[in-house]
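*Asks:* Mind having a look at this structure? Questions to follow.
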Amino acid sequence: MDKKQVAIIGAGISGLLACKYCLSTGFRPIVFDAESDIGGQWAKTIKTTRLQTPKAMFQFSDFPWPSSVTDDFPTQRQVLDYFRSYATHFGLVPHIKFNSRVKGITYDGPSSETWSLWNGTGEAFPPEGKWNIAVEDTRTATTQVYRVDFVILCLGRFKDLPNIPEFPVGKGPEVFRGRVIHSMEYAAMDNDAAEELVKGKRVVVVGFGKSGLDIARECSAINGAEHPCTIIYRHDHWKLTNWAPWGIPLSYLYQNRFSELQVHKPGEGFLLSLLATFLSPLRWATSKFVESYIKKTLPLAKFDMIPQHSFEKDARSCLACYMPDAEDFVDKVEKGSIKLKKSQSFCFYDKGIMTNEDTTLIEAEVVIFATGFNGIEKLKNIFESPTFGHLITSSPRVPLYRECIHPWIPQLAIIGFSESFSNLYTSEMRCRWVTSLLEGAFKLPSIDEMRKDISRWDEYMKQTSGEYHHRSSIGVLDIWYNDQLCKDMGMSRLRKKGPFANLFEPYGPMDYA
């Protein structure tokens, strides 16, 4: 029998992993990426970008970091070199078509509207059905259509389609006499061009996540207090100044089985629910323990930066941001090279930005939106079928079984649209699960059962993440989530030696090697 061909769209972390596991399970992968190199969002970043997660949690299970990388938080260059080494070691590069932009995908097969089983049969490869992939060569502007048996979308949630706020007519960037860009455009510049853009200018950065923080620090390092950089943002979130608050590694507080026993989980039984209720005060105390350390190391009250919600909520939503060199940030704020302005909304005027609540005028020559990306819209737009596009956007988050499979979209998997503490670690488990499904190691339940499971996770995310439900974060339930995947694949869920280790030691990528 001919090997089935699998199209993988995207050569970032998830795309490389999908390619590797397709090869190892006997399929013919073909990877399309619009860029000229691997790396996804890591290929083009801000000069000072580093890992936010310790490298022990951000590594391939069968390809550890080289001993030459000694920093716990490697630089962007070190991360890219690590990815390239992985791709070379497993022979992935010959299967990647660079400079190949996927313009759209079309399913050629029966309708899914009346199915009770995924693909109509419950099998990954039904008797009928193919995907047509329209791919443009960005160097020659020619288009070729590839016909494949299965598609794995690894588009990346934090790339390509900027999320820009909308403004009333006459109050948007069109009235501003300076320059307005998104952090994606800033990151794509070479270092000299990025410095030239902001040098000697008053810069406003919109957004106080990791990108906004990094850009503001770069601007302040270049310009000092003479031309301060203003960060304008809506909500305070907890900034981690150390991955070991009060000397205890965060992994021992949030990434072991005992920590997950303290919270309610989707699909848990009566005894686990009872235990989570009983242990919930301990979880509350853990959150306060971490918050006390952050307040000790950052003068949050002085700068009116104390979040109105718990660290626990930010952890569940993957919104807790790592802030290295916290003393340096505090020093820049106190000396005036970084200014902070909290505002729920703002508009532009000819010389800068005006906040809507108190009409504060902030003069600027450059405004940089660090407001994230519209990943769901990008995912929707890849489908030529309006029906499939609607299925993707029919709820605030992408409704996927095991965060990988849409029950009504046939012969297709989606990797990377649900967050965790370490997206590399999570993507690897999902790629192993998807390729196990492809080789027939297990079958999916009925569409009705998958819908019920998706609803359980929906409800969990609504209760724990609130307005950030759309991020589909499995934040503090990595082990519980991986247990479901292991059960499906017939793997042992207990990955350590002995009950004590399984209960109290942190779980990480190497446990699933």
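The values are calculated or read from the model by the stated rules, or taken from the named source; none is laboratory data. This structure is a prediction, so every number in the text was calculated from the model and none was measured. Cβ: placed from backbone, ideal geometry, glycine included. Neighbour counts: every protein chain shown. Remember, those area values only see protein heavy atoms, side chains included, never the ligands or the DNA or RNA. Shrake-Rupley method; radii C 1.70, N 1.55, O 1.52, S 1.80 Å.
*Asks:* Take the eigenvalues of the Cα gyration tensor for the stretch 255-312, scale each by 5, and report the square roots as semi-axes in whole Å, largest first.
*Replies:* Its equivalent ellipsoid spans semi-axes of 30, 10, 8 Å.
*Asks:* So what's the angle, to the nearest 10 degrees on a 0 to 90 scale, between helix 76-89 and the longest Cα principal axis of the chain?
*Replies:* 20
*Asks:* Computing the accessible area with a 1.4 Å probe over protein heavy atoms, can you report the carbon and sulfur percentage for the stretch 233-311?
*Replies:* 65
*Asks:* OK, next. Sorted by mean Cβ packing within 10 Å, highest first, what order do the peptides 145-154, 110-119, 225-234 take?
*Replies:* 145-154, 225-234, 110-119
*Asks:* A further question follows. Below 8 Å between Cα atoms, with a sequence gap of 6+, how large is the relative contact order for the stretch 312-400 in percent?
*Replies:* After rounding, I find 12 percent.
*Asks:* While we're here: Please report, to two decimal places, log10 I(q)/I(0) for the stretch 87-228 at q = 0.15, 0.17 Å⁻¹ as given by the Debye formula with identical point scatterers on the Cα atoms and no solvent.
*Replies:* Taking Cα atoms of the stretch 87-228 as identical point scatterers yields -0.98, -1.07.
*Asks:* Take the alpha-carbon centre of the stretch 120-141, take the same for the stretch 183-226, and report the distance between them in whole Å.
*Replies:* For the stretch 120-141 versus the stretch 183-226, the Cα centre distance is 41 Å.
*Asks:* For the stretch 1-146, what D do you get in µm² per second when you plug the Kirkwood radius from alpha-carbon pairs into Stokes-Einstein at 4 °C and 1.567 mPa s?
*Replies:* This corresponds to a translational diffusion coefficient of 75 µm²/s.
*Asks:* Something else: Taking all pairs of different Cα atoms in the stretch 324-480, averaging 1/r and flipping that mean, what Kirkwood radius in angstroms comes out?
*Replies:* By the Kirkwood definition, the hydrodynamic radius is 19.2 Å.
*Asks:* Give the relative contact order (percent, whole number) for the chain; include only Cα pairs under 8 Å separated by 6+ residues.
*Replies:* Taking the mean separation of contacting Cα pairs over the length of the chain, I get 22 percent.
*Asks:* State the Cα centre-to-centre distance between the stretch 417-469 and the stretch 244-293 in whole Å.
*Replies:* When both Cα centres are located, 21 Å separates them.
*Asks:* If you wrap the stretch 171-308's Cα atoms in a convex hull and average its projection over all directions, what's the area in nm²?
*Replies:* For the stretch 171-308, averaging the hull's shadow over all directions gives 12.6 nm².
*Asks:* Rounded to whole Å and sorted largest first, list the principal axis extents of the Cα atoms in the stretch 136-191.
*Replies:* Principal-axis extents of the stretch 136-191 (Cα, largest first): 49, 27, 22 Å.
*Asks:* Want the number for Phe270 to Ile181: 0.36 nm per residue separation, take away the alpha-carbon distance, what's left?
*Replies:* 26.9 nm
*Asks:* A further question follows. Can you give the relative contact order of the stretch 231-300 as a percent, counting alpha carbon pairs under 8 Å and 6+ residues apart?
*Replies:* Reported relative contact order: 34 percent.
*Asks:* When the label point is put 7 Å from the Cα of Thr360 along its Cα-to-beta-carbon vector, which residues of the stretch 327-344 have a backbone N closer than 16 Å?
*Replies:* Only 333-344 fall inside the zone, counting backbone N under 16 Å.
*Asks:* Quick one: plug the Kirkwood hydrodynamic radius of the stretch 24-98 (C-alpha pairs) into Stokes-Einstein at 10 °C, 1.306 mPa s, and report D in µm²/s.
*Replies:* Rounded, D is 116 µm²/s.
*Asks:* Report, please, the projected area of the chain averaged over directions, based on the convex hull of its C-alpha atoms, in nm².
*Replies:* 25.1
*Asks:* Starting from 0.36 nm per residue, how many nanometres of slack lie between Leu279 and Ala441 once their C-alpha separation is accounted for?
*Replies:* Result for the pair: 54.7 nm of gain on full extension.
*Asks:* Projected onto the charge dipole of the stretch 45-173 (+1 at Lys/Arg Cβ, -1 at Asp/Glu Cβ, origin at the Cα centre), which of Phe63, Phe73, Tyr86 gives the Cα projection farthest towards the positive end?
*Replies:* The one lying farthest along the dipole's positive direction is Phe73.
*Asks:* How tilted is helix 210-223 with respect to the longest principal axis of the chain? Cα atoms for both, answer in degrees (0 to 90, nearest 10).
*Replies:* 30
*Asks:* Per residue, how many Å² of accessible area does the chain show with a 1.4 Å probe?
*Replies:* 43
*Asks:* At a Förster distance of 56 Å, what's the computed FRET efficiency of Lys452 paired with Glu226, Cβ-Cβ distance as r, to 0.05?
*Replies:* 0.40
*Asks:* Right, something else. Quick check on packing: order 364-374, 3-13 by the mean number of other C-beta atoms within 10 Å, highest mean leading.
*Replies:* Ranking, from highest mean packing down: 3-13, 364-374.
*Asks:* In nm, give the distance between the simple-model label positions of Asp192 and Gln463, each being 7 Å from the Cα along the Cα-to-Cβ direction.
*Replies:* Using points 7 Å along Cα→Cβ, the separation is 5.7 nm.
*Asks:* Follow-up. Using a 4.7 Å cut-off between beta carbons, which cysteines in the chain end up with no partner cysteine at all?
*Replies:* If one checks each Cβ against the other cysteines of the chain, Cys19, Cys22, Cys154, Cys318, Cys321, Cys347, Cys404, Cys431, Cys486 turn up with nothing under 4.7 Å.
*Asks:* Kirkwood hydrodynamic radius, computed over distinct alpha-carbon pairs, for the stretch 424-513: how many Å, to one decimal?
*Replies:* Evaluated on the stretch 424-513, it is 14.7 Å.
*Asks:* From the square roots a ≥ b ≥ c of the eigenvalues of the alpha-carbon gyration tensor of the stretch 232-353, which class results: rounded (a/c under 1.5), prolate (a/b over b/c), or oblate?
*Replies:* prolate
*Asks:* Based on the alpha-carbon gyration tensor of the stretch 293-399 and its eigenvalue square roots a ≥ b ≥ c, which shape applies: rounded if a/c is under 1.5, prolate if not and a/b is larger than b/c, or oblate?
*Replies:* oblate
*Asks:* Also: Pairwise over distinct Cα atoms, reciprocal of the mean inverse distance: report the Kirkwood radius of the stretch 5-64 in Å, one decimal place.
*Replies:* The Cα-based Kirkwood calculation yields 13.0 Å.
*Asks:* As I understand it, the value is the acute angle between the Cα axis of helix 478-489 and the longest principal axis of the Cα atoms of the chain; what does it come to in degrees, rounded to 10?
*Replies:* Helix 478-489 sits at roughly 20 degrees to that axis.
*Asks:* Which order do the peptides 504-513, 427-436 take when ranked by the mean count of other beta-carbon atoms within 10 Å per residue, highest first?
*Replies:* Taking the mean over residues of other Cβ atoms within 10 Å, the ranking is 427-436, 504-513.
*Asks:* Mind jotting down a quarter of the surface of the convex hull over the alpha carbons of the stretch 47-90, in square nanometres, one decimal?
*Replies:* 3.1
*Asks:* Take Asp2, project a point 7 Å from its Cα along the Cβ direction, then tell me which residues of the stretch 130-162 have their backbone nitrogen under 12 Å from it.
*Replies:* The answer is 147-149, whose backbone nitrogens lie closer than 12 Å to the label point.
*Asks:* Can you give me the Cα centroid spacing of the stretch 30-104 and the stretch 143-178 in angstrom?
*Replies:* When both Cα centres are located, 22 Å separates them.
*Asks:* Roughly what % of DSSP beta bridges within the stretch 238-367 run antiparallel, to the nearest 5?
*Replies:* Here the antiparallel bridges make up roughly 80 percent for the stretch 238-367.
*Asks:* Provide the FRET efficiency to the nearest 0.05 for the Arg28-Asp325 pair, computing r from the beta carbons and using R0 = 41 Å.
*Replies:* Efficiency, from the Cβ-Cβ distance: 0.30.
*Asks:* Considering only DSSP beta bridges whose two residues both sit in the chain, what percent are antiparallel, to the nearest 5?
*Replies:* The answer is about 45 percent antiparallel.
*Asks:* Multiplying the sequence separation of Thr387 and Lys487 by 0.36 nm and subtracting their Cα-Cα distance, what value in nm do you get?
*Replies:* Additional length available on full extension: 32.8 nm.
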